[in-house]
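Participant: Encoded as structure tokens, here's the structure I'll be asking about.
Quick note: the coordinates plus some simple rules give every number you see, no bench work behind them. Since this is a predicted model, take the numbers as computed values, not measurements. Cβ sites come from the backbone with ideal geometry, for glycine too, and all protein chains shown count toward neighbours.
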Amino acid sequence: APQSVSGLHAMVVGIGSDDRVIAAGVPLTSGPWGTDYITVSHALSVGRKYSISSDGKAFAPAAGLAACSSHYHGIDVLILRVRAHANRPVIDWGDSAALRQGDELFILPRREFHPEPVSVTFLHLSLLEWTRSTPGDWEPQWRNVMVGDGFSRPGFSGSPWVREGKVYGLLKGRVRPPGQNTWYTVAETATKVRECLRQVHYQELIPTD
């Protein structure tokens, strides 16, 4: 059965750097060896010591496992492994290319930071196409993100965009298109996450025993 919004919200963790939460993340894969979490990777620029917190207080050490960058892979995500978290529930990815303009999703921030889901209306799979831009009009980090209309704030980075029990993207930030006064929330797409996992040969990094 699909995960409920509240069930998915309970899976969202805080990504810590030097015991300070800097982003949200979600469990990607889990087994007796531990759990891998994925977040947007501007966390990389903060520090080299990572941890995971499910309540904003108790931190479990996390090791950087793999990352993709917008310059080389078209997406900024970071995968962290926590050996202390064995056999945890994990999220299910949706097909972001199947979203249609007007579809309603929920942003699920870290609960201790923002306890309620936030509604977001899907606008377009590509910021560039939606704004009729060329790649040179935007920094690399924004060139492959999808766009929604909904509330966002600093601290929401890495929060999953969910619909019908699946994750369709990871919130990256807000943008204001040239010539407009409105800010829109943007996310890395599930499609790009899958491409990243293939490019870093993620399946080979999962322990088999």
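Participant: Multiply the residue separation of residue 198 and residue 119 by 0.36 nm, subtract the distance between their alpha-carbon atoms, and state the gained length in nm to one decimal.
Facilitator: 25.4 nm
Participant: Among 22, 136, 107, which residue has its Cα positioned farthest towards the positive end of the charge dipole of the chain, with +1 placed on the Cβ of Lys and Arg, -1 on the Cβ of Asp and Glu, and the dipole taken about the Cα centre?
Facilitator: So the residue we want is 22.
Participant: By how many nm would the segment from residue 101 to residue 183 lengthen if fully extended, with 0.36 nm per residue of separation less the alpha-carbon distance?
Facilitator: The span from residue 101 to residue 183 would gain 27.8 nm if fully extended.
Participant: Moving to a separate point now. Normalised by the number of residues in the chain, what is the relative contact order in percent for Cα pairs under 8 Å and 6+ residues apart?
Facilitator: With pairs under 8 Å counted, the relative contact order is 21 percent.
Participant: Based on the Cα gyration tensor of the chain, what are the three equivalent ellipsoid semi-axes, each the root of five times an eigenvalue, rounded to whole Å and given largest first?
Facilitator: 26, 18, 17
Participant: Taking the Cα centre as origin and putting +1 on Lys and Arg beta-carbons and -1 on Asp and Glu beta-carbons, what dipole magnitude results for the chain, to the nearest 20 debye? Could the numbers behind the result be given before it?
Facilitator: Numbers: 21 positive and 20 negative charges, 64 e Å.
Roughly 300 debye for the chain.
Participant: Treat each spin label as a single point 7 Å out from the Cα along the C-beta direction, and report the residue 129 to residue 58 distance in nm.
Facilitator: 4.5
Participant: Please report, in whole Å, how far the alpha carbons of region 38-136 spread along each principal axis, starting with the longest.
Facilitator: Computed over region 38-136, the largest-to-smallest principal extents equal 45, 33, 23 Å.
Participant: In whole Hz, what ³J(HN,Hα) sequence does region 79-87 give by Karplus (6.51, -1.76, 1.60; θ = phi - 60°), x for Gly and Pro?
Facilitator: Calculated HN-Hα couplings, in order: 10, 10, 10, 10, 6, 6, 9, 8, 6 Hz.
Participant: List the lysines whose Cα lies under 18 Å from the Cα of residue 166, skipping any in the same chain that are fewer than 8 positions away.
Facilitator: The qualifying lysines are 192.
Participant: Between 66, 12, 94, whose Cα lies farthest towards the positive end of the dipole of region 10-123 when Lys and Arg beta carbons carry +1 and Asp and Glu beta carbons carry -1, centred on the Cα centre?
Facilitator: The Cα lying farthest towards the positive end belongs to 66.
Participant: Taking only Cα atoms, what is the 0 to 90° angle, nearest 10, from helix 190-199's long axis to the longest principal axis of the chain?
Facilitator: 60
Participant: Continuing with this model, one more query. In whole Å, what are the Cα extents of region 106-183 along the three principal axes, biggest one first?
Facilitator: Computed over region 106-183, the largest-to-smallest principal extents equal 37, 23, 20 Å.
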